[in-house]
Every structure is written in structure tokens, then in C-alpha cells.
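Only one structure is covered here, and it is reproduced in the block below.
The values are calculated or read from the model by the stated rules, or taken from the named source; none is laboratory data. Bear in mind the structure is a predicted one, so any value in this text is a computation, not a measurement. With ideal geometry, Cβ positions are generated from the backbone for all residues, glycine too; neighbour counts draw on all protein chains shown. These accessible areas exclude ligands, DNA and RNA; they are computed on the full protein's heavy atoms, side chains included. Shrake-Rupley method; radii C 1.70, N 1.55, O 1.52, S 1.80 Å.
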Amino acid sequence: MIIDKIIIKNLEFSYEFPYKTIFEGLNLEIDKNWKTVLTGKNGRGKTTLLKLIGGEISNYNGEIINKGTFNYFPYEVNDESLEVRILLKDLAGNFFQMEKLIEKYLQESDEEALIKYGEVEEIYRNSGGYEIDAIIEKEILDIGLKLDILYKKYQILSGGEKTKIKLIALFLQNDKFPLIDEPTNHLDIFGREIVAKYLKTKNKGFICVSHDENFLNEIGNHIINIHNRSSVEIKKAEFSNFRNEKKLREEKEFEKNETLKKEIKKKTESFREKCDWSFEAEDKKSGAFDKGFMGAKAARLMQKAKNLEKRLLKDIDDKKSLVENFEKNYEIKFFESRTKVKNFLKIDKLNISFGKKNIVENFSLDVERGDRIALIGPNGCGKSSVIKKIIENFHSSQIKISYIEQEIFYENEILKDYLIRQKIDLSEFGRFLASFDMRGEVLYKNLLEFSQGEKRKIALALSIYSRGDFYIWDEPLNFLDLDLIEKLEEAILRDKPTILFVEHDINFVEKIATKIIKL
């Protein structure tokens, strides 16, 4: 097998407004036969790296060497009014357009039309046009859809169905290498399992970014973890094993970090003591009774102190640089609920319908203080509809709701200005953001320039900072990195806030939910 690689040499890339270095001297080799999982904390440049590899970003320094072309997920569908079968044929290689031309030329009787028919038919045949229908039908079944979807217009499909159709189109283009960014968003638990199996059976390689641990375990055989702007770790391993090794390594690094801090403190104190002693001796030699002995001794001590100072300062600086490389990990903390109310919500036999279609029937729910209730079920079963109905009809002066929508949209605005409009204390919220692995400089960044993961972090931070009594969250984990998800789990289990949430990450649901309701 010919090894086809993506080779990155000394890559440097920064965003300009506000200025932020993403990669600096990055070197990396990726075999295109690998099924590669790309991981790292939000803001580390996973999506940016995919776009650099795929050629969507070109203003970088260094080299990105690769052969062939790429296709990128997610992407915009130009004409959503098309039937799925037509859309897939054209995304696979303009097959439907060629079929229309073949039909047109067959209806014309002149010689020129016959020549054109021959030219188009040859391209169609050599490209696999006569097999494309059978291939598309197999892909539809493999990804867990029914064949009747082929005759539906793309625009009426659910978010999960659209995701699956886009992924099929990605793999129909055999000459392009897939770069896949967050394919599990909008997929229910069963849909994630199906898509994982679909990707696992593919013969061709790809690079995929996701934050669903079960999903990553299924699809990948190689892991690239972006550690920082110039360092990556490449492993051939199952993702869960990699995560466990990483945690053990971080625990050891934390212990080393604490030891370094103690060494720095001890050496700094020792340095000050020795310098104070030598300076004291230097003062004594200039006294009235100086017969030369004290003066010579003080001079030697002073020279020793200066040499010691150089050695100690270098040692301290070296150790400080190691400490600075170890990231501070601030806890997420929920504020204590101020309400004395025990019963937060009661729903009895709720019905929701769109037109003549019943979405939810006879739905009942009781929420009491401290409950953490997960609504789960397949796409389209009415989970978000229930959430929205609660938000629309909830009226209580004693219970404050903090709501996160499934889709998060921000205006063209600097975060700082947005917070000022919301009458939020900038310095206090800036410190609060540190627990979400975001630093104060993000306050001066335009909201439209944040990654999807960073937008989700801001939404979660604002929700918790609002000091709600009752948190209602619709798919809160979309785009969040696994480290932050673990921090959020720890905070919820420790602080025991009252939450009603929709989520498709079964690990998260099983860890934090006190009650699971299947719709």
C-alpha cells in the first residue's frame, strides 16, 4: 500500500482580531490511511487545523504538504429544495446533471447532439454512473435510514437526518479525503451508535473531531491530542485507554508541579538568607575595627553570594517555567439556590401537536429541589418541544430559571459590550470564566469569532453565573471538550443543582441524572 501522508512543518498561525497565537512551530505527520481522532481542549485549534489542512485557511507560515483534495464536514447545502437522491447524486459527482444531459441529447436527432451524448455518457460510465443508485441505496441502509428518504426534499429532514445525508455524500466522493468536525451534534443516542458503526466500516481514512467518548472509542485507530500551540501527541490506541493514561500522567505531573513549587520557595528563601548574611559581613568589614581578615572573608563571601545568586536564579527560573507549563485547573462552582420552594414544577398530561401531528401525548413530570432529570429519546420525539413549552408557560416569582437553548446565536458584538448590556460585572465574570478554561482576553473578542465550543462555554458560564434556582438545558454538551465535561460532572455531583436537561451523551446522563425519562 502506498503511504499517503499529510505533512506539517513548522506551522505558525494566529488570529488577528483579537490577536491570538494558535500554532507555533508545529510539526506533524498524519497517514491518510488512519482513522484519526483529533482531540484537545476547546480553543486549542482542532477546527482551525482541519481548515488549514483542507485549504480553507491559507494565511499561515510554514508548510502543509499533502496530495489530493479534501472535503469538509459540516458544509452548506446550496439547494435544500432538492430531493435527497438528486442531492446525493450531484454531491457524489454531478451524476444527476449528467443524466439530464444524456436524456436531452438522446431526444435530439442531429449529429452534434449524438457526439455530445457520447462524450457525456463516457464520463458518466467511467465515473461509476451506472452503479451510483445501488451504491447510494446501500449507504442509506448502512447509516440507519429508510430508502423512502431518497424521495423526500432535503429541507424537511430533521437535523439528525441531514447530518447522516451529509456524511454519506462525504464518502461518495472517493477522490477526496474527509475532514469531519463534530458529526454527533443533533444525533440522538441511537443515531450516534449507527454513525459510529458506519464510520468504523469505511475502508478509507479520515480525520474526525468529536467530544463523545463512546463515539470516539468506536471509530478511531489513531489519536492526535493537541497539547498546546507547538506540541501534539500521537497514539495508536483505543480512545478510552488513551484518556485513562492521560489522566494518570496528569496526576503525576500535578504532583511534580507541587514539588517544584516547594523547591522554588525553599531555594528562594535560602538565596535570601545567604545574600543577607554576606551583605551583613560586608557591612562589618567597613567598621572601625577592620584588620583585613574580616574584609577578605567578607569579599569572598560576597563573591560566593553573587555566584550563588546566578545559579539559584537560573535554577528558580527553569523551575518556574516548568510550573507555568502546567495549566491551572479551576473548579466550576454552582451558587446555592436562594429559594425555599421545594416543588419546582408539575406537568400533568401535556399534549403538543404541530398541525394534525401529535408530537407529545399525555406527558407528566414532577420536578423537586435537587432533582436532575434527563429527557432522552430519538430525534423528533418532542424533547425540545417539551422544554420550550415549559419555558413559555413557567411563571414563578420565587424560582429563577436559567435556560440554555439547543442552538446558540450571538450578534456581531464584542463579548465585553454584550456583558455590559446584560449588566454583568466584567472583572467578576472574567474570573468566573477561568473555570471554563477561558482567560480574560476573550472579553475583547467578537462573539461571532468564537468557536462553537467557546460559544457553548460562554453560554454555560452565563447560565451558572446567573445564580439560577432551576437550570433547564437543551443539549448543553454540544461541542464541549471532554475535560470540561468532566469538570461539569464533578461540579453537578458536588453542588447538586436542580436541572432538567436534554442530552444525547449517555455517559453524562448516567453519571449525573437522578431520574431518566424516555420520550
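Numbers at a glance
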item: Contour excess over end-to-end distance, with Cα ends at ASN412 and GLU16 and 0.36 nm allotted per residue; result: 140.9 nm
item: Average Cα contact separation per residue, region 1-124, under 8 Å, 6 or more apart, as relative contact order %; result: 22
item: Those trypsin sites (Lys or Arg not before Pro) in region 368-410 that DSSP places in a loop and that have at most 13 other beta carbons within 10 Å; result: none
item: Backbone N within region 466-510 under 11 Å of label point (7 Å from GLN452 Cα along the Cβ vector); result: 478-480
item: With every protein chain in place, region 336-464: carbon and sulfur % of accessible area (1.4 Å); result: 46
item: Simple Cβ-charge dipole of region 112-154, Lys/Arg +1 and Asp/Glu -1, about Cα centre, in debye nearest 20; result: 260
item: Segment GLU255-LYS202, length gained on full extension (0.36 nm per residue, minus Cα span); result: 14.8 nm
item: Within region 334-443: Cβ-based charge dipole about Cα centre, in debye rounded to nearest 20 (Lys, Arg +1; Asp, Glu -1); result: 460
item: Aspartates and glutamates whose Cα lies under 16 Å from that of LYS333, excluding same-chain neighbours fewer than 8 positions away; result: GLU428, ASP437, ASP469, ASP483, GLU486, GLU489, GLU490, ASP495
item: Accessible area in square angstrom per residue, region 1-52, 1.4 angstrom probe; result: 47
item: Å² per residue, accessible surface of region 392-515 at 1.4 Å; result: 43
item: Rounded FRET efficiency, nearest 0.05, which uses the C-beta distance separating LYS104 from LEU493 and R0 of 51 Å; result: 0.20
item: Where region 70-171 is the region considered: accessible area per residue in Å², 1.4 Å probe; result: 56
item: Distance in nm between pseudo-label sites at ASN27 and ARG338 (7 Å out along the Cβ direction from Cα); result: 5.7
item: Distance (nanometres) between label positions extended 7 Å along Cα→Cβ at ASN94 and ARG431; result: 6.2
item: Surface accessible to a 1.4 Å probe, THR39 within the full protein complex, Å²; result: 10
item: Pair TYR330, HIS395: separation of 7 Å Cα→Cβ label points (nm); result: 3.9
item: Full-extension gain in nm, ILE7 to LYS67, via 0.36 nm per residue minus C-alpha separation; result: 20.6 nm
item: Alpha-carbon centroid distance for the pair region 398-469 / region 16-89, whole angstrom; result: 27
item: Lysine pair number, Cα distance threshold 24 Å (strictly under), region 443-519, separation 8 or more or different chains; result: 12
item: Straight-distance crosslink candidates among aspartates and glutamates, where the alpha carbon sits under 15 Å from LYS346 and sequence neighbours closer than 8 are dropped; result: ASP366, GLU368, ASP371, GLU392
item: Anisotropy class of region 439-519 from Cα gyration tensor, a/c 1.5 cut; result: prolate
item: Most to least accessible of GLU119, GLU76, GLU368 (protein chains only, probe 1.4 Å); result: GLU76, GLU119, GLU368
item: At R0 = 30 Å, FRET efficiency that the Cβ-Cβ distance of TYR130 and SER230 yields, to 0.05; result: 0.05
item: Options ILE102, ILE132, ILE194, ranked by Cα towards positive dipole end of region 96-194, top entry (Cβ charges); result: ILE194
